[in-house]
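Q: Submitted below is the structure of interest, expressed as structure tokens.
None of the figures in this text is laboratory data; all of them are computed from the coordinates on show. Remember, predicted model here, so these are calculated numbers, not experimental data. Neighbour counts run over all protein chains shown; Cβ positions are idealised from the backbone, glycine included.
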Amino acid sequence: KQEVTQIPAALSVPEGENLVLNCSFTDSAIYNLQWFRQDPGKGLTSLLLIQSSQREQTSGRLNASLDKSSGRSTLYIAASQPGDSATYLCAVRRGETSGSRLTFGEGTQLTVNP
Amino acid sequence: ETGVTQTPRHLVMGMTNKKSLKCEQHLGHNAMYWYKQSAKKPLELMFVYSLEERVENNSVPSRFSPECPNSSHLFLHLHTLQPEDSALYLCASSQYLAGRQETQYFGPGTRLLVL
């Protein structure tokens, strides 16, 4: 059974700092990995999706890496801003079909202080 | 309206009530999902409806009953719920093309409280 762990559970940083969120998964046979953002009481917004054949994806100040063999992914946020405060979720997909479920971690709650 | 919408946004119900959650996607996707998000727990997939298959999480109690009348609408029918069913219920949709699974787009969720 796939298990996804995110460390740290919570993180508080001053504005402008660069930071790294970590995600690890127990079964390396994945189809892809996604990072989501969730604001309090809201749904999820997809940030980055990395296919199993890829090593990293970038979008603006965000960079996500994937090391499938070691079961790890990191989300790097550059020059953090108060608007980045949210819970960040990592999820791995087992297979290609819609029924192949996403397994989520519990998330890292990020607070960026002005 | 665009994206994925869910109604109601908040729901309080007694254990003997029957209610339904509604989800609608305006993205032309061919797969829809129900997730449950409880406090301090990872998101849990409940049901998937897609062109190629329907998948159920076998651990979901029968007091939750999904219905997908077409590719744009998804319902979750609730009856005789328990207080531990209180959670945020999220709907999502995605587009599956042969050989490629696109990202899932999530609705804002329905916050359910069972008294």
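Q: In peptide B:41-48, what is the residue-averaged number of other protein chain Cβ atoms found within 10 Å of each Cβ?
A: 5
Q: Counting other beta carbons within 10 Å of each residue's own, what order do A:73, A:80, A:52 fall into, fewest first?
A: A:52, A:80, A:73
Q: From the C-alpha gyration tensor of the protein assembly as shown, pull out the three semi-axes of the equivalent ellipsoid (sqrt of 5λ each), sorted largest to smallest, in whole Å.
A: Square roots of five times the eigenvalues give 29, 21, 16 Å.
Q: Could you put B:63, A:55 in order, starting from the residue whose Cβ has the fewest other Cβ atoms within 10 Å?
A: Final ranking by Cβ density, sparse to dense: A:55, B:63.
Q: Quick check for you: which residues of region B:50-72 have the amide N under 20 Å from the point 7 Å beyond the Cα of residue B:80 toward its beta carbon?
A: The answer is B:58-67, whose backbone nitrogens lie closer than 20 Å to the label point.
Q: Okay, moving on. Return the whole-Å distance between the Cα centroid of region B:1-25 and the Cα centroid of region A:1-71.
A: 29 Å
Q: If you don't mind, another one. Got a sec to turn the phi values of region A:81-89 into Karplus ³J(HN,Hα) couplings, 6.51 cos²θ - 1.76 cosθ + 1.60 with θ = phi - 60°, whole Hz, x for Gly and Pro?
A: 10, x, x, 7, 4, 4, 9, 9, 10
Q: Arranged by the count of other C-beta atoms within 10 angstrom, fewest first, what order do A:4, A:13, B:114 take?
A: A:13, B:114, A:4
Q: By residue number, which cysteines of the protein assembly as shown lack any other Cys whose Cβ falls under 4.7 Å from their Cβ?
A: B:68
Q: Right, another one. With the cut-off at 1.5 for a/c, could you classify region A:19-61 from its C-alpha gyration tensor as rounded, prolate or oblate?
A: In terms of gyration-tensor shape, prolate.
Q: Right, next: In the P(r) worked out for region A:43-82, what percent of Cα pairs fall beyond 11 Å?
A: Taking all Cα-Cα pairs of region A:43-82, the fraction more than 11 Å apart is 66 percent.
Q: Separate question: Once you have the Cα-Cα distance between residue B:63 and residue B:41, take 0.36 nm times their residue separation minus that, and quote the gain in nm to one decimal.
A: Answer, rounded to one decimal: 5.9 nm.
Q: What is the percent of Cα-Cα separations in chain A that go past 20 Å?
A: 36 percent
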